[in-house]
Each structure stands twice: as C-alpha cells, then as structure tokens.
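Following: one structure in structure tokens, then a few remarks.
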Amino acid sequence: MSQLTIRGGSCLGGETEIQGAKNSVLPILAATLLTAGQVELRGCPRLRDVDASIHILRDLGCTARWEGENVLLVDTRNLNGCAVSERLMREMRSSAIFLGAILARCGQAELSYPGGCELGPRPIDLHLSGLRDLGAEIDDAGGVLHCKAPCLQGREIVLSLPSVGATENLMLAACGADGVTTISNAAREPEIVDLQQFLTACGAKVSGAGTSTVSVEGGKPLHGCTYTVMPDRIVTATYLCAAASAGGEIFLQGAREAHLSTVTAVLREAGCSIRSEERGMACVCRDRLTAVRPVRTAPYPGFPTDAQAILMAALLRSRGATVFEENLFASRYRHVDELARMGADIRVSGRVAVVTGIKTLHGAPVRCTDLRGGAALCVAALAAEGETSVREIGHIDRGYEDIAGDLRRLGAEIVRTGD
Ligand code: EPZ
C-alpha cells in the first residue's frame, strides 16, 4: 500500500511547476466526443481521474494515447458505443460529465447512476432536469440512466443552483442541440471558461462562460484542435498553503493568481506575502500566521470548497481561532479527525468548524479520507515536529500528478514508498 513519509519542522525553499487542471481536463475529455478529428491536449496531467476518463473513451471505441509526458492525443471518430459500464462509472464519480456529450453525439446514452463519494451524496438532478429541458427522455429507474435524445432542441435552462458539473454537461449537450441554448444561474468557475475556450477552438459557438449566463449555438460540426489546459488553481492553493504552514519561500511556475484571489486574500490576511509575476507566483511566509476572519465556502468567485481542508491545515499553528463554514458538501470535514491525531485543535458542529491555533503539531500515522483532505494532511505534516506517515494516498493521486516530487522540489523532506 503506497504511503508518503514526511519529516516536518523545517522551512520550505524552492520552486516547482503547476500541473494542468484536473477539473478542466475532465470535462474537456468528455467534450472530445463532440469532435470529428484528432485533439491534442497539452499540459494534460497524469492523474487517476484522467486515466478513468481515458478508460471510458477507449471503452466507447475511441483512441487516447500519451505522446510525451503531458500530451494526450484523443481521436473519437471511431466511437462505437453509447454506454458506460457501472465499473467505469464507479472508477470516477464525476463520470456523469460524459452524459451530455454522449447524448449529443449518439442520440442515446446508458450510464449507471454515479454513486456518492467521500464528500457525501453527489446528486445529478440538475444535470437530468436540464437534459430533459433540451428534449432528452431519461428513465432513471433501477440505478441505470437510460437516455434517448433523437433530437435535442436548444432552449432557456435555469439552474436552481450554480452546479459546475451541470453547467458543463448542459454546455456539451447544447452543442448537439438545434438552435440556441442559454444556461442561466450557470456556475462561473475558471474551468468552465477553459471548457468554452476548448469548444471554441473546435469550432463551437459558445459565449458567456465565467458569467451566470452561458449561451451555446448548437448544431455546428466540431473539428479537432490543439489545446493547452489551464493550470490547476487548487494544486496552486495547496502549495501556497504548504509554504504558509511550514514557512519559507517558494515559487510556483505557471500559477495564475486571477483564478484563486479569494485564497490569496486569506493567506495575505494571515501574514503571507504573495507576489504574482508573468511566469508564476512567489509566496514568502516568515512569521507565525495569525487567524483570519470566518472562511465561508461558496460557488466561484467565493472561497473554493476544494481549498477548505488545505487552508485549515495551514492555520493549525496560527495565533488565534478561525471559523470555517462548509456550504457546498455535506461531509467535507472528514480530514479533521486525522489532523487531530497530529495535535490539531478543531471543533466541528454541523457545517461549522473552529480551528484554534496551537504552538506545536507532532507527526503521526494518518490516512487520507478524500482527495483534498489527503492533501491537507501533507500540508499539516510539513509543519509537524517529527515524522508523519500518510496512508491511502490513492485519494491524492486522483488530483495531484506528483505531490511528493512537487513538495520535494519546494524543499520538503518527503518520500513515497510502497508503489
Ligand atoms: C465540481 O464538482 C468539482 N469536480 C469539485 O471538485 C468541486 O468541489 C465542485 O465542483 C464545487 O466547486 C469537478 O469539476 C470534476 P457541483 P461538481 O455540481 O460538479 C449540489 C475536487 O476536489 N448539486 O457544483 O460535482 C451538490 O450536491 C472536486 O476536485 C445538486 O444538488 O459540483 C453540491 O452540494 C471535489 N444537484 C453542490 O451542488 C446536482 O445536480 C455543488 O456541486 C448537482 C450538484
């Protein structure tokens, strides 16, 4: 069983390059089903979730192969199926993102219901109601989604909440619909802007991504393209929090502050000095951090839920107490018990967690409970006296291409064993 062994207590110093964004490349891989031609994806991170998407594409008769370290070549012209098996759906909960593209391409789709995950139930009711608005007939009895859409028809869709996945799924389905679709109360995440830019590079007419209203003029045949995936803003936040946690001075090549200004604002309030340049971001943390005003997670441009655990870990030794409020997912404090094993003082009551800073954390054997909770354990371990072993790091591998190598390049004492 793979694990990370981290010896904490010393400052960081060094630089590393930020990988491509997991939450951008996953919908883009689904979008390749809409293209008639080869897609060359540059800056594509090698992640477990990317592997799961490649398995789905191959299972549908498409080709996907790596060319060099981070270039993925995808060709979906020979697609010969419209069903995604339960086994593949269970490999990655966000596989639901394939539904809209398969429907647009094939006029039908069969996917087993994506289960919940470590964060709690992950409903897709907004995805399904939006697809029905476009004319899809969906029978979701018995755990399998049987979908038929002989002719998707563009129209106005209003999301009851700004769901990232539903916005992306409906953008892809709308590309295959006749006429114009507008998605109101759309999610505004930067990854949705990246998806729009990819679709536009393939010849689609999509506008408004990054605002609450996205518009798609469907029915246009899409061609292949060469596209570079945006840098991962949550991986960037992770390494900024690593420097905040352990202290030191780091540089993150390719990082873009525009995508995570709510995170950098909190880190500056806590006492970090962060500088953005053309080639990336520098972060210097010399003194003990101070607690910050309440951190409430919210849809973009609010504070990202994916950075909640990571920031919490960085504040464990701060002066004072910080209140967190997790408003997106029902069960996103599972990392708290593991942090407590390192001496953290965190009190949880429902959606609220209060972190009271302490002087010293100590290394301990801990295990990952989910993707970002696992990254948070690494952030905390960098500040802990002694050695921490982090087990079940398969969760981390879903979203971090090489967290051990990155942290080592940033000056951490970290070893990965057991592969
Ligand atoms: C995306 O998940 C990200 N995943 C998540 O990142 C991220 O935490 C989340 O957006 C919020 O930013 C990918 O992009 C692959 P949502 P998604 O639909 O699309 C509820 C990570 O760590 N909801 O915006 O599933 C839902 O229960 C992962 O990289 C419905 O009720 O998020 C949640 O409470 C974790 N019905 C809220 O909306 C629906 O049909 C936000 O979910 C859909 C969602």
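Across the stretch 168-210, which residue is surrounded by the fewest Cβ atoms within 10 Å (Cβ to Cβ) among those that are among the small types (Gly, Ala, Ser) and more than 17 Å from LYS220 (Cβ to Cβ)?
SER184
Taken across the stretch 93-106, residues that are part of a strand (DSSP E or B), of a type outside the set (Gly, Ala, Ser), within 13 Å of the ligand (Cβ to nearest atom) and within 25 Å of ILE54 (Cα to Cα) do not occur at all.
Would you pick out the residues in the stretch 121-134 that are surrounded by 14 or more Cβ atoms within 10 Å (Cβ to Cβ) and more than 6 Å from the ligand (Cβ to nearest atom)? The answer is LEU128, SER129, GLY130, LEU131, ARG132, ASP133, LEU134. Do we find that ARG372 is part of a helix (DSSP H, G or I), basic (Lys, Arg) and buried (at least 20 other Cβ atoms within 10 Å of the Cβ) in this structure? Judged against the criteria, ARG372 is a match. PRO301 passes every criterion in (1) within 16 Å of the ligand (Cβ to nearest atom); (2) surrounded by 17 or more Cβ atoms within 10 Å (Cβ to Cβ); (3) over 12 Å from LEU267 (Cα atoms) apart from (2). Residues being under 22 Å from the mean Cα position of the chain (by Cα) and buried (at least 18 other Cβ atoms within 10 Å of the Cβ): count how many of those fall in the stretch 30-47. Final tally of qualifying residues: 10. Where strands (runs of 3 or more DSSP E) sit wholly within the stretch 236-355, those with at least 2 residues that are under 26 Å from CYS368 (Cα atoms) and at pLDDT 95 or above occupy 248-253, 321-325, 345-349. Among the residues in the stretch 47-55, are any within 16 Å of the ligand (Cβ to nearest atom) and either more than 28 Å from THR228 (Cβ to Cβ) or in contact with a strand residue (DSSP E or B) (Cβ under 6 Å, 6 or more places away or on another chain) (or both)? Checked against the condition, which is being within 16 Å of the ligand (Cβ to nearest atom) and either more than 28 Å from THR228 (Cβ to Cβ) or in contact with a strand residue (DSSP E or B) (Cβ under 6 Å, 6 or more places away or on another chain) (or both), the stretch 47-55 yields at least one hit. Among the residues of the stretch 329-350 satisfying the criterion of being within 21 Å of the chain's Cα centre (by Cα) and surrounded by fewer than 19 Cβ atoms within 10 Å (Cβ to Cβ), which is farthest from the ligand (Cβ to nearest atom)? Ranking the candidates gives ARG334 first. For first residues located in the stretch 180-197 and in contact (Cβ under 8 Å) with a residue 60 or more places away in the chain, partners that are away from the ligand (no atom under 15 Å from the Cβ) and lie 6+ apart or on another chain with Cβ distances below 7 Å form the pairs ARG188/THR211.
Scanning the stretch 170-191 for residues that are assigned to a helix (DSSP H, G or I) and more than 9 Å from the ligand (Cβ to nearest atom) gives LEU170, MET171, LEU172, ALA173, ALA174, CYS175, PRO190. When ALA340, ALA265 are checked against the criterion of being without any contact (Cβ under 8 Å) to a residue 12 or more places away in the chain, under 30 Å from ALA186 (Cα atoms) and aliphatic (A, V, I, L, M), ALA265 stands alone in meeting it.
The values are calculated or read from the model by the stated rules, or taken from the named source; none is laboratory data. Treat the numbers as computed from the prediction; the structure is a model and nothing was measured. Note that we place each Cβ from the backbone using ideal geometry, even for glycine, and neighbour counts take in every protein chain shown.
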